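Have a look at the structure below, then the notes.
The values are calculated or read from the model by the stated rules, or taken from the named source; none is laboratory data. This one's a predicted model, so the numbers in the text were calculated from it and none came from an experiment. Every residue, glycine as well, gets a Cβ built from its backbone with ideal geometry; the counts of neighbours run over all protein chains shown. Just so you know, the surface numbers come from the protein's heavy atoms only, side chains and all, with ligands and any DNA or RNA stripped out. Shrake-Rupley method; radii C 1.70, N 1.55, O 1.52, S 1.80 Å.
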Amino acid sequence: MTATTEKPNMTALLSAVDSLPLEFFTAYRGGYPNSIGLALVDAVYSIQASYDSEHSGKGVLNRVKQFRSDHSNAVDDLCVLADLDEDAIQKVMGEGKTSQRTKSGAVLEAARALAALEPPIVRAADFTAERREDARGAYTRVHGLGKVTFTYFTMHLGVPGVKADSLLTRFVARHAYGDKSLKLSSDHVVALVNQAYESRPQIAETVTHFEHALWRAESKGDAN
């Protein structure tokens, strides 16, 4: 279905939130607050991909862990990351694509764009609240990357936020509108999740922990 102008049913959305297991709200792993290279690789490779897997070498998280081991110098140095070639990244992370271009190419272009800022953003410590807009401009100018994955990237760096990906959107559409296939803008999803979190601030440490619980429920099929 197309987007709607109907008023969301916040009572139904909050009821769905209240029905989730409490452990979902503490399941967020914390990202990579001191590892900007890993934050970038994870954010890009998470686009339309399976994140967790019980099988070694499968799933974004397992591959990022291997990347950390294989390319330790790039973990918190975008200049080192930018000097890798696509084959080195694909050997660990795979040959996924976003908007018809390789994810490895998008990683490299984003790393170079951030490092080319003045002053450069090379390490996690360089990413401050004051540099957020500079970073967003550099990141979203890369073909295949947009504001949703930029938010995810910043969440990995410790900035609380809401990643309005397909699973979270489906959770919100399912419960706030009764139609999981409804197309909602990312801004609308973010606004509704923030509103729900403000109604239940005690349930999760941050809005990131809160949105992860909703995402987790949808990914595991626990949102009926």
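List pairs: first in region 131-157 and within 15 Å of Gly37 (Cα to Cα) and touching a residue at least 24 places away in the same chain (Cβ under 8 Å), second open to solvent by 20 Å² or more (accessible area, probe 1.4 Å) and of a type in the set (Val, Ile, Thr), Cβ under 7 Å, 6+ apart or cross-chain?
Sorted first by the residue in region 131-157, then by its partner, the pairs are Thr149/Ile47; Phe150/Thr140.
If you take just the helices (runs of 4 or more DSSP H) that sit entirely in region 114-178, which of them hold at least 3 residues that are more than 11 Å from the chain's Cα centre (by Cα) and closer than 17 Å to Val41 by Cβ?
Hits in region 114-178: 132-140.
Which pairs turn up if I take residues in region 70-97 that are on the phi < 0 side of the Ramachandran plot and modelled with pLDDT under 95 and look for partners that are surrounded by 16 or more Cβ atoms within 10 Å (Cβ to Cβ) and not in a loop (DSSP other than H, G, I, E, B) with beta carbon separation below 6 Å, at least 6 apart in sequence or on another chain?
From residues that are on the phi < 0 side of the Ramachandran plot and modelled with pLDDT under 95, the pairs are Gly96/Lys103.
How about region 150-199: which of its residues are more than 26 Å from Phe127 (Cβ to Cβ), small (Gly, Ala, Ser) and surrounded by 18 or more Cβ atoms within 10 Å (Cβ to Cβ)?
Ala173, Ala176, Ala196 - these are the residues of region 150-199 that are more than 26 Å from Phe127 (Cβ to Cβ), small (Gly, Ala, Ser) and surrounded by 18 or more Cβ atoms within 10 Å (Cβ to Cβ).
Could you list all residues from region 137-149 that are open to solvent by 20 Å² or more (accessible area, probe 1.4 Å) and within 15 Å of Pro160 (Cα to Cα)?
Listed by number, the residues that qualify are Lys147, Val148.
Name the residues in region 185-224 that are touching a residue at least 24 places away in the same chain (Cβ under 8 Å), among the hydrophobic types (A, V, I, L, M, F, W, C) and assigned to a helix (DSSP H, G or I), would you?
Once the filter is applied, which keeps residues that are touching a residue at least 24 places away in the same chain (Cβ under 8 Å), among the hydrophobic types (A, V, I, L, M, F, W, C) and assigned to a helix (DSSP H, G or I), region 185-224 yields Val189, Val190, Leu192, Val193, Ala196, Ile203, Val207, Phe210, Ala213, Leu214, Trp215, Ala217.
Condition check ((1) modelled with pLDDT of 95 or more; (2) within 15 Å of Glu23 (Cα to Cα)) across all residues:
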residue: Lys180; (1), (2): no, no
residue: Ser186; (1), (2): no, no
residue: Gln195; (1), (2): yes, no
residue: Gln202; (1), (2): no, yes
residue: Thr208; (1), (2): no, yes
residue: Trp215; (1), (2): no, yes
residue: Glu218; (1), (2): no, yes
residue: Asp222; (1), (2): no, yes
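Return the residues of region 20-41 that are assigned to a loop (DSSP other than H, G, I, E, B) and either aromatic (Phe, Trp, Tyr) or in contact with a strand residue (DSSP E or B) (Cβ under 6 Å, 6 or more places away or on another chain) (or both); say none if nothing qualifies.
Within region 20-41, Tyr28, Tyr32 qualify.
Based on this model, can you work out whether Ser46 counts as at pLDDT below 95 and either open to solvent by less than 20 Å² (accessible area, probe 1.4 Å) or among the charged types (D, E, K, R) (or both)?
yes
To keep it simple, each residue is scored yes or no on (1) within 22 Å of Arg141 (Cα to Cα); (2) among the basic types (Lys, Arg).
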position: Phe25; (1), (2): no, no
position: Ser46; (1), (2): yes, no
position: Ser50; (1), (2): no, no
position: Leu61; (1), (2): no, no
position: Lys65; (1), (2): no, yes
position: His71; (1), (2): no, no
position: Asp85; (1), (2): yes, no
position: Thr98; (1), (2): yes, no
position: Arg101; (1), (2): yes, yes
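Return the residue satisfying two criteria in turn: it lies in region 69-104 and is part of a helix (DSSP H, G or I) and under 18 Å from the mean Cα position of the chain (by Cα), and of such residues it is surrounded by the fewest Cβ atoms within 10 Å (Cβ to Cβ).
Here is the first cut: in region 69-104, the ones part of a helix (DSSP H, G or I) are 69-70, 72-74, 78-82, 86-93, 103-104.
The next check asks that each one be under 18 Å from the mean Cα position of the chain (by Cα); those that pass are 93, 103-104.
Values: Met93: 22, Lys103: 26, Ser104: 25.
Among residues in region 69-104 that are part of a helix (DSSP H, G or I) and under 18 Å from the mean Cα position of the chain (by Cα), the one surrounded by the fewest Cβ atoms within 10 Å (Cβ to Cβ) is Met93.
Please verify whether Arg63 is of a type in the set (Lys, Arg), open to solvent by 80 Å² or more (accessible area, probe 1.4 Å), in a helix (DSSP H, G or I) and over 25 Å from Val193 (Cβ atoms), treating the condition exactly as stated.
No; evaluated as a whole, the condition is false for this residue.
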